[in-house]
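Below is one structure, written out as structure tokens; comments come after it.
The values are calculated or read from the model by the stated rules, or taken from the named source; none is laboratory data. The structure presented is a predicted model; accordingly, all values stated were derived computationally and were not measured. Positions of Cβ are backbone-derived with ideal geometry, glycine not excepted, and every protein chain shown enters the neighbour counts.
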Amino acid sequence: MIKFLYLSFPIFLCLLFPACLTKVKNARSNAGTVKTESYSSTEQMEDQTHPLFSAAIFGNEETVVRLLQSNTNPNMRAKDGSTALIYASRNGYVSIVNQLLSAKADPNLKNDDHKTALIWAAFNGFPDVCDLLLKNRANIDWQDRLGASALMYAASNGHVKVVEILLSYKANVHLQDQFGGTAMTEAMQEGHSQVVALLTRAGAKPPNAP
């Protein structure tokens, strides 16, 4: 199982994503201190209560559009490095993701754990968001601080549709995380037979295969 580090993410946001909460607690009990990302002094840093972040988290498209039309920076960072695009992507709000991308939000910005909008969308199983991000040049093979890619997270969580989309964009099935795991080992460990079949057809091999 891929481990997750959320040490820099506020508790109230974790409560918005109950499916992740158990993994958050486990990661915190096992993880050491995470080195935070340094940002340029020209970047706009805000806390997670900024209206754009709140609108992206709760799916308020009207507010997102209004703020973008008033020249709010779509690439402003929260204190953990997250962006509105990351928040909207992790919640599956396709229309908000589209609005942000149309306003030149950068799909390859990452938070302190080096997770991008695509990684979050893949982790939570939102194929339409993944497709939209990839059409806007999201880095499909970006690996986070643990070395895990979007494909690894989708495979680990059994998100068949997401895996299909990532493979259609030629995601690298051979990438390894810092523990030596791959998308195939994650899918096999979690018993996701459909994902294993998809990865096999894409050229992935099980552990210790010749």
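In the range 178-201, what count of residues is obtained for those that are surrounded by 20 or more Cβ atoms within 10 Å (Cβ to Cβ), not in a helix (DSSP H, G or I) and not polar (S, T, N, Q)?
2
Which residue, of Asn91, Asn60, is touching a helix residue (DSSP H, G or I) at 6+ places or on another chain (Cβ under 7 Å), within 19 Å of Phe126 (Cα to Cα) and polar (S, T, N, Q)?
Asn91
Here are Asp144, Asp106: which of them is charged (D, E, K, R) and closer than 22 Å to Met188 by Cα?
Asp144
From Lys161, Lys170, which residue is closer than 22 Å to Arg137 by Cα, of a type outside the set (Gly, Ala, Ser) and outside any loop (DSSP other than H, G, I, E, B)?
That would be Lys161, the only listed residue that is closer than 22 Å to Arg137 by Cα, of a type outside the set (Gly, Ala, Ser) and outside any loop (DSSP other than H, G, I, E, B).
Out of Ile2, Ile57, Ile96, I need the residue that is at pLDDT 50 or above and outside the structural domain of Asn124 (by TED's automatic domain parsing). Which one?
Checking each option against the conditions leaves just Ile2.
Just wondering, is there one or more residues in the range 150-163 that are on the phi > 0 side of the Ramachandran plot and not assigned by TED's automatic domain parsing to the domain that holds Glu62?
There is at least one residue in the range 150-163 that is on the phi > 0 side of the Ramachandran plot and not assigned by TED's automatic domain parsing to the domain that holds Glu62.
Residues are listed down the side, and each one gets a yes or a no for (1) touching a His at 6+ places or on another chain (Cβ under 6 Å); (2) assigned by TED's automatic domain parsing to the domain that holds Ala155; (3) hydrophobic (A, V, I, L, M, F, W, C); (4) at pLDDT 95 or above:
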position: Arg66; (1), (2), (3), (4): no, no, no, yes
position: Gln69; (1), (2), (3), (4): no, no, no, yes
position: Thr83; (1), (2), (3), (4): no, no, no, yes
position: Ile86; (1), (2), (3), (4): no, no, yes, yes
position: Trp120; (1), (2), (3), (4): no, no, yes, yes
position: Gly125; (1), (2), (3), (4): yes, no, no, yes
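Determine which member of the set Leu109, Leu166 is without any contact (Cβ under 8 Å) to a residue 60 or more places away in the chain and within 24 Å of Gln69 (Cα to Cα).
Exactly one of Leu109, Leu166 is without any contact (Cβ under 8 Å) to a residue 60 or more places away in the chain and within 24 Å of Gln69 (Cα to Cα), namely Leu109.
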